[in-house]
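Structure first, then comments.
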Amino acid sequence: SAGLQLLALQNGHGIVTLAAIALLICALRMLIDLWLLRRLHCIFLVGAKIGFHKSIWRRVRRFAWWASIDDFVVEGTAQLDRVFIALFLPLGLLAPYAICKSVGSIVALVIEPMTETFYPMAAQLHAQGKRNALRHMLVAGSKTSAAIATPLAIFLLFFGDDAVAVWVPELREEAPHRLVAVIAINLWVSVFLWTSTTTLMAMNKMRAVALLTVLEVAVALGFIALFVGHFGLL
């Protein structure tokens, strides 16, 4: 995907071509996934009649309902910060913000794969009723995630602006000072939430997760509306 997009840009194509490439890669990935499923589990996708029983639906209905609400809120509000920039600030700040956010997101990126492994572990411990082991996994997982993310957060706190300036020199004048540091701190705090959220999901506490997500988004939007006039992009 990156290679095709770079080739397209070098040959003068625009954003429509980039979107078309992303769509093509997504479709190709889906076809590969289906092929792998058929190879690994030959019962799938070969006309086998596999019914979805009401008893199964009753077991997963509550989790699926609240998980859908949580996904809708998370995905639906993922770009709201950019919408607020367009509403309250010059559009020219969208690019500096996106680049600084991509650099700061390294803090979360390095621990996300590890955090995802906590879900099946926590679900198994919860199903077996091992509450002490589950509590230990929550504490140890939170500490491990923070230990991995902290060095990167400290580096971006002191050298984030310089790192962005090396990558895109023009942003030294356009991006607000310490923007990368603020984003890095924000994501470092989020690191503490991920393990606990994953554990709640594994314990079938999806309603609590969804309601907390709604509350988080509401508080964030309130702070943005309240402070954007004073602090700007920061």
Query raised in the report: Among the listed residues Gly3, Gly92, Gly12, Gly104, which satisfies the condition of being more than 19 Å from the chain's Cα centre (by Cα) and touching a residue at least 24 places away in the same chain (Cβ under 8 Å)?
Result: Gly92
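Go through the stretch 131-149 and give me each residue that's among the small types (Gly, Ala, Ser) and exposed (fewer than 12 other Cβ atoms within 10 Å of the Cβ).
Ala147 - this is the single residue of the stretch 131-149 that is among the small types (Gly, Ala, Ser) and exposed (fewer than 12 other Cβ atoms within 10 Å of the Cβ).
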Query raised in the report: Looking only at the stretch 150-174, which residues are open to solvent by 80 Å² or more (accessible area, probe 1.4 Å), touching a helix residue (DSSP H, G or I) at 6+ places or on another chain (Cβ under 6 Å) and touching a residue at least 60 places away in the same chain (Cβ under 8 Å)?
Result: Glu174
Report summary line: Condition set of a type in the set (Gly, Ala, Ser) and open to solvent by less than 40 Å² (accessible area, probe 1.4 Å), scope the stretch 201-210, selection farthest from Ala140 (Cα to Cα): answer is Ala210
Query raised in the report: Taking the stretch 82-104, which residues are of a type outside the set (A, V, I, L, M, F, W, C) and either open to solvent by 40 Å² or more (accessible area, probe 1.4 Å) or within 13 Å of Gly232 (Cβ to Cβ) (or both)?
Result: Arg82, Pro90, Gly92, Pro96, Tyr97, Lys101, Ser102
**Report entry** Exclusive hit being more than 27 Å from Trp65 (Cβ to Cβ) and open to solvent by 40 Å² or more (accessible area, probe 1.4 Å), set His177, His126
**Finding:** His177
Report summary line: The residue from Thr198, Thr213 that alone is open to solvent by less than 30 Å² (accessible area, probe 1.4 Å) and more than 15 Å from Leu80 (Cβ to Cβ) is Thr198
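The values are calculated or read from the model by the stated rules, or taken from the named source; none is laboratory data. These figures come from a predicted structure and were not determined experimentally. FYI the Cβ positions are ideal-geometry reconstructions off the backbone, even for glycines, and counts take in every protein chain you see. With ligands, DNA and RNA removed, areas are computed over all heavy atoms of the protein, side chains included. Shrake-Rupley method; radii C 1.70, N 1.55, O 1.52, S 1.80 Å.
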